[in-house]
1. Tell me the angle of helix 2-15 to the major Cα principal axis of the chain, expressed in degrees between 0 and 90 and rounded to the nearest ten.
2. What lysines could a cross-link reach from residue 63, if we take a straight Cα to Cα line under 20 Å and drop same-chain neighbours fewer than 8 places away?
3. Using Cα pairs under 8 angstrom and six or more residues apart, how large is the relative contact order of the chain, in percent?
4. Going Cα to Cα from residue 24, which aspartates and glutamates come in below 20 Å? Please leave out same-chain ones fewer than 8 positions away.
5. Angle, helix 68-81 long axis vs. longest principal axis of the chain, Cα atoms, 0 to 90°, nearest 10?
6. Region 1-46: which chymotrypsin sites (Phe, Trp or Tyr not before Pro) are DSSP loop and have at most 13 other beta-carbon atoms within 10 angstrom?
7. Compute the angle between helix 42-58 and the longest alpha-carbon principal axis of the chain, please, reported from 0 to 90 degrees and rounded to the nearest 10.
8. Taking a ≥ b ≥ c as the square roots of the Cα gyration tensor eigenvalues, with a/c under 1.5 meaning rounded and otherwise prolate when a/b beats b/c, else oblate, which class fits the chain?
Amino acid sequence: MQFASLAVNEFLARLHPYRDDANKHFATYRLSLTQVYEGLPQAKQDCLQEEARTNLLQRGIKKEFLLDAVVKGEVLRLLEQGDAELAQ
């Protein structure tokens, strides 16, 4: 959701020039999914981790291989695909 709202705001800013600076200064935006994840409340992070574990287990990954790095990778994949509900 954060990426979509940023894109819409940028589009509107280019259609209706309300910035004090020229658009050429806003050519690139970079956001990190890790920063998005770490900015979530702890309850949301826990929910995403549980969803990620469930997805991995359903794909046939054994429970003993669910290391933190593997689970975090799945969480970031969920965030990237927009499967996780961040807006609520």
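Where a number appears in this text, it was derived from the coordinates with a stated rule and is not lab data. Because the structure is a prediction, the values reported are computed rather than measured. Because the Cβ atoms are built from the backbone with ideal geometry, glycine has one as well, and the counts that use them run over all protein chains shown.
1. 10 degrees
2. 72
3. Once normalised by length, the contact order is 33 percent.
4. 10
5. Computed tilt is about 40 degrees.
6. Working: sites: 3, 11, 18, 26, 29, 37; in loops: 18, 29.
Qualifying residues, ordered by number: 18, 29.
7. The helix 42-58 is inclined about 60 degrees to the chain.
8. Working: a/c = 3.29, a/b = 3.00, b/c = 1.10.
Prolate.
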